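Shown next, in structure tokens, is the structure this report addresses.
The values are calculated or read from the model by the stated rules, or taken from the named source; none is laboratory data. Quantities reported herein were computed from a predicted structural model and do not represent experimental measurements. All Cβ positions, even for glycine, are placed from backbone atoms using ideal geometry, and neighbour counts span all protein chains on display.
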Amino acid sequence: MATYPVQIPGAIALSLFDLADATLRDAKRAYRHARRRRIGATLRPGAGTPLWNELVRQALPLLAKRGAKVRLARQLGVSRQRLRHCLNAQHACLDGERALMLLCWVAAHQRGQPLPLQAEPDL
């Protein structure tokens, strides 16, 4: 079987090499910026947080009764505004401990049992 070498003119080869190099630099820069997180930044709800989205979807119908959000906020040890930002507006997520407490709260209310946990307020 005979092999025939591909002959590419020098100018085209150099321009292809330059384009490949520029593409590689752009890809590295985009990857670096995509992976960078601000110091102290919290995880934002969205497509990247499917478990949080499902937890919020399960919790919201249980908070329809008057005063339920206030009682949950007290039980979690967060302000009403912070709970609203996390659940209704979906601007932020709760920290790990409070997210687990919310998960237990949802499970208890779906079974019809109150949750006896009480969080210590942040000082």
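I'd like to check something: does region 26-46 contain any residue that is among the small types (G, A, S), surrounded by 10 or more Cβ atoms within 10 Å (Cβ to Cβ) and modelled with pLDDT of 90 or more?
No: zero hits.
To keep it simple, each residue is scored yes or no on (1) of a type in the set (V, I, T); (2) over 15 Å from H109 (Cβ atoms).
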site: T49; (1), (2): yes, yes
site: R57; (1), (2): no, no
site: L62; (1), (2): no, no
site: K65; (1), (2): no, no
site: L72; (1), (2): no, no
site: V78; (1), (2): yes, yes
site: R84; (1), (2): no, yes
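Those residues that are more than 17 Å from L51 (Cβ to Cβ) and surrounded by 13 or more Cβ atoms within 10 Å (Cβ to Cβ), I need them from region 72-90; list them, please.
The first filter runs over region 72-90 and keeps only residues more than 17 Å from L51 (Cβ to Cβ), leaving 72-85, 88-89.
Within region 72-90, L72, A73, R74, Q75, L76, G77, V78, S79, R82, L83, R84, H85 meet the criteria.
Specify which of the listed residues (P114, P61) is surrounded by fewer than 15 Cβ atoms within 10 Å (Cβ to Cβ), out of contact with any strand residue (DSSP E or B) (no Cβ under 7 Å at 6 or more places or on another chain), modelled with pLDDT of 90 or more and not hydroxyl-bearing (S, T, Y).
On inspection, the qualifying residue turns out to be P61.
Given the conditions (1) within 28 Å of A99 (Cα to Cα); (2) at pLDDT below 80, and given that F17 satisfies all but one, which numbered condition is not satisfied?
(1)
Does any residue in region 63-78 that is without any contact (Cβ under 8 Å) to a residue 60 or more places away in the chain and farther than 16 Å from A89 by Cα come within less than 6 Å, Cβ to Cβ, of a residue that is assigned to a helix (DSSP H, G or I) and of a type in the set (S, T, N, Q) six or more places away or on a different chain, and which pairs are these?
none
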